[in-house]
Amino acid sequence: MDRFIYLTFDGLSRGLVYAAFALALVLIWRAARIVNFAQGSMAVAAVYVAYSVTNATGSYWLGFVVALLAGLLLGVLVERVVMRFVDHSSPLNGVVVALGLVLVLQGTLGIVYGNEYQPVETPFSRDAFEVGGIAMLSRYDLFVFAAVGTVVVVLTLLFTRTAIGLRMRAAAFAPDVSRLLGVSVGGMLTLGWALAAAVGSLAGMLVVPTELGVHPTAMDVVFVSAFTAAVVGGLDSPIGAVVGGLVVGLLLSYVSGYIDVTVAPMAILALLVLVLLGKPGGLFSSSKARVA
């Protein structure tokens, strides 16, 4: 029982990071109807910026804030300089360009910072509290809970309570009609990419310190888990991304703890296949829009 409780809390902590990254994928999908396979590399670039700032100033929080701003800026640049000129008549075009961007970002980061893992500090202790001799959550885990919870609340309010959120969704679903109604479709796309990149940067800042450190490919495995989480929950649902992230985190924790860590990737693949076969739109998918 003690082991089950420990694995549950560990899975919830990991799942929240996957949820944050899945939220970034959901944001891009809702804003541009694109699955951004370069999201992980963009997040790593922001983490490297934080790494440089923290080493130069000695302040983790300054590096943290600069990483989020760097993510915003990188999202704007990718949309304005790259994705805006992609032919979106076929979804495959955006995927190919995003994969090419992954190679460019990873190669550039490798040239600038090298291919060695660099340690990244955490603002709080990762030593877990013990209750009755059972390891629970650490201060860092509580920080992760608070950070992801804040993002979920802000994004939910953005898409359900604000005119900007409605314009972003309208620009993605019906760009031509939105233009006729006076919506700046280009501006909404840029905003969507910027917000998604910032959320991805947050996820990178949360997960990289718990791994070996920052590396040009540090987020590749995380991206696979986060993509599965987004698909499980539904690419159009922020709440689904959170639930999907928690499901993936718990699954990885239980499989790694009770079976073997090498089996965990197969478990993720099996979950993805089951969801795609049973409910391709995701567990929290909404009704499809009717096309006239």
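The values are calculated or read from the model by the stated rules, or taken from the named source; none is laboratory data. Since the structure is predicted, the reported quantities are computational estimates derived from the model, not experimental observations. All Cβ positions, glycine included, derive from the backbone under ideal geometry; neighbour counts span all protein chains shown. Heads up: the accessible areas ignore ligands, DNA and RNA and are worked out on the full protein's heavy atoms, side chains in. Shrake-Rupley method; radii C 1.70, N 1.55, O 1.52, S 1.80 Å.
Label sites at residue 143 and residue 5, each approximated as a point 7 angstrom past Cα along Cα to Cβ, lie 2.6 nm apart. Accessible area per residue for the chain is 48 Å², calculated with a 1.4 Å probe on protein heavy atoms, without ligands, DNA or RNA. Stokes-Einstein diffusion for the chain at 20 °C, viscosity 1.002 mPa s, with a Kirkwood radius from C-alpha pairs, works out to 110 µm²/s.
A cut-off under 14 angstrom between Cβ atoms defines the neighbours of residue 233, and their net charge, with Lys, Arg +1 and Asp, Glu -1, is +1. Rounded to the nearest 500, the 222 nm mean residue ellipticity of the chain from helices alone is -24000 deg cm²/dmol, with -39,500 (n - 2.57) taken per DSSP H run of at least 4 residues. Given a 1.4 Å probe and the protein chains as shown, residue 109 ends up with an accessible area of around 20 Å². Using R0 = 45 Å, the C-beta based FRET efficiency linking residue 116 and residue 162 works out to 0.55.
Between residue 77 and residue 57, the simple spin-label model (points 7 angstrom out along Cα→Cβ) gives 1.9 nm.
Computed over region 1-159, the quotient of the alpha carbon radius of gyration and 2.2 N^0.38 Å is 1.21.
Put the Cα centre of region 225-273 next to the Cα centre of region 143-204 and the gap is 24 Å. Classify region 2-68 as rounded, prolate or oblate from the Cα gyration tensor: take a ≥ b ≥ c as the square roots of its eigenvalues, call it rounded if a/c is under 1.5, otherwise prolate when a/b beats b/c and oblate if not. Oblate, because a/c is 1.5 or more while a/b does not exceed b/c. In this structure, the amide hydrogen of residue 136, modeled 1.01 Å from its nitrogen in the peptide plane, lies closer than 5 angstrom to those of 129, 130, 131, counting only residues at least 5 positions away or on a different chain. Per atom type, the chain shows carbon and sulfur on 69% of its accessible surface, probed at 1.4 Å. Among the GluC sites (Glu not before Pro) in region 35-137, which ones are in a DSSP loop with at most 16 other Cβ atoms within 10 Å of the Cβ? Mind listing them? The qualifying sites are 116, 121. Helix screen, the chain: DSSP H segments with Cα axial length of 24 Å or more and mean Kyte-Doolittle hydropathy at least 1.6 are 60-77, 91-113, 185-207, 238-258. Sparsely packed loop sites in region 123-171 (the trypsin sites (Lys or Arg not before Pro) outside DSSP H, G, I, E and B with at most 14 other Cβ atoms within 10 Å) comprise 126. Any idea which of 24, 103, 57 is furthest toward the positive side of the dipole for region 1-128, if Lys and Arg beta-carbons carry +1 and Asp and Glu beta-carbons -1? Comparing the listed Cα positions along the dipole, 24 ranks first.
Computed with a 1.4 Å probe over protein heavy atoms only, the accessible area of residue 224 comes to about 80 Å². Return, ordered by residue number, the residues of region 27-44 whose backbone nitrogen is under 18 Å from a label point located 7 Å along Cα→Cβ of residue 92. Flagged as within label range: 34-37. Express the relative contact order of region 9-218 as a whole percentage, based on alpha carbon pairs under 8 Å and six or more residues apart in sequence. Worked out over region 9-218, it gives 42 percent.
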